[in-house]
Amino acid sequence: MHALVTGIGRKKGIAAAIARALAEEDWDLTLTGSPEYDGENSEADEILASLGDVAWAPDDLADPEAPRRLFDAALEHAGPVVAVVNAAARSRRAAVLDMTVEEFDHHLAVNARGTALMTQEFVRRFEGEWGRVINFVSGPPLVGEIPYAASKGAIEWITYATAAELAPRNITVNAIDPGPTDTGWMSEEVKALLDSSSPMGRVGVAGDIAPLVAFLCTEQSRWITGQVLHCSGGWNTLRPH
């Protein structure tokens, strides 16, 4: 089985944990990350070295042609893709009075449009008996993150719409809300505040999320589709509904 995972950049990141979990289950992997986004902070080389024989195809999902290039690289590496994990995300803080048109559009291009076009390219090339698409969303409040919030809200509805459309093809589409997850972006002050607010007394780590993604990639998850799964330690229970 062959999976394409986006968003590789941080060793503590969710995408890296997913890649490790799938590698442990003997999946063939094609991985991608954005040099423009991660830049010199990227730890992709170390991640790849720990995984062995995987394909690395860095690209920028803000480019509408990126999905075509990524699936070409995947096909060359290990044949058709069975599962796509859309874990890449642009995240730049921008409150209402601070956001720019350019930053708003960039978030939508990478997060929402990137997810939709990756799904489209997967379906165009789909040859298997079953397929899997896993997306990532975020819950409120997301104060001061208007472009990010808008893009993640769009992904939620993209998930519902594509799940309904692709069910007859035996392709499931689900999204995961991981809640606050320490992937390297949290300061000690932010982490302490979130720890104290969490129902389970701590923020999440990438290893909390990866097993659920690994399951959703399997044939055994065939009856789960069109869902936003809160893998957040109960964080979602604190939100207004």
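The values are calculated or read from the model by the stated rules, or taken from the named source; none is laboratory data. As the structure is a computational prediction, the values presented were derived from the model and not from experiment. With ideal geometry, Cβ positions are generated from the backbone for all residues, glycine too; neighbour counts draw on all protein chains shown. Only protein heavy atoms, including side chains, enter the accessible area calculation; ligands, DNA and RNA are left aside. Shrake-Rupley method; radii C 1.70, N 1.55, O 1.52, S 1.80 Å.
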Taking the Cα atoms only, what angle lies between the long axis of helix 66-78 and the longest principal axis of the chain, rounded to 10 degrees?
-> 50
Between residue 11 and residues 5 or more places away or on another chain, the pairs with built amide H atoms under 5 Å apart involve 43
Quick calc, the chain, dipole around Cα centre from Cβ unit charges on Lys, Arg (+) and Asp, Glu (-), nearest 20 debye, gives 740
What aspartates and glutamates sit close enough to residue 152 to cross-link, taking a C-alpha to C-alpha distance under 12 Å and skipping anything fewer than 8 places away on the same chain?
-> 177
So, counting K/R as plus one and D/E as minus one, what does the shell of residues with Cβ under 9 Å around residue 172 add up to?
-> +2
Tilt of helix 188-197 relative to the longest C-alpha principal axis of the chain, in degrees (0 to 90, nearest 10)?
-> 90
Two pseudo-spin positions, 7 Å from Cα along C-beta at residue 98 and at residue 24, lie apart in nanometres by 3.7
Got a sec? Charge dipole of the chain, +1 on Cβ for Lys and Arg, -1 for Asp and Glu; which of 84, 212, 238 is way out at the positive end?
-> 238
The chain - accessible surface per residue (Å², probe 1.4 Å) = 49
Pick out, in residue order, every one of the chymotrypsin sites (Phe, Trp or Tyr not before Pro) in the stretch 183-224 that is DSSP loop and has at most 15 other C-beta atoms within 10 Å; say none if there are none.
-> 185, 223
Of all accessible heavy-atom area on the chain, the percent that carbon and sulfur account for (1.4 Å) | 54
Between the helical axis of 14-24 and the dominant principal axis of the chain, each derived from Cα atoms, what acute angle in degrees is found, rounded to the nearest 10?
-> 40
